[in-house]
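Right, one structure below, let's go through it.
The values are calculated or read from the model by the stated rules, or taken from the named source; none is laboratory data. Small disclaimer: the values here were computed from a predicted structure and weren't measured. Glycine gets a Cβ as well: all are built from the backbone with ideal geometry, and neighbour counts include every protein chain shown.
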């Protein structure tokens, strides 16, 4: 839990993106199946950095938005090493 909290504080726009997906099933499905398309069409106003965009679009194989968030978190952890 503490590690997730630290990541969220460093990447508030990613946290906002995941919260938007949790609250909107259609957006979540699109984020899981086609992250770049979901980001391009998003009406949530998330302002991702190029690095954050790359991290989100690198996530694949997620089964639901919670799995997507966990995989995204793992990508962030690897990128920050």
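Restricting 29, 6 to those that are modelled with pLDDT under 95 and in a helix (DSSP H, G or I) reduces the list to 6. All conditions but one from (1) modelled with pLDDT under 95; (2) surrounded by 11 or more Cβ atoms within 10 Å (Cβ to Cβ); (3) over 10 Å from the mean Cα position of the chain (by Cα) apply to residue 34; the one that does not is (1). In the range 68-81, what residues are touching a residue at least 12 places away in the same chain (Cβ under 8 Å) and under 12 Å from residue 18 (Cβ atoms)? Listed by number, the residues that qualify are 68, 69, 71, 72, 73, 76. Restricting the search to the range 36-56, which residues are within 15 Å of residue 15 (Cα to Cα) and touching a residue at least 12 places away in the same chain (Cβ under 8 Å)? Correct list: 39, 42, 44, 46, 47, 48, 49, 51, 52, 53, 55, 56.
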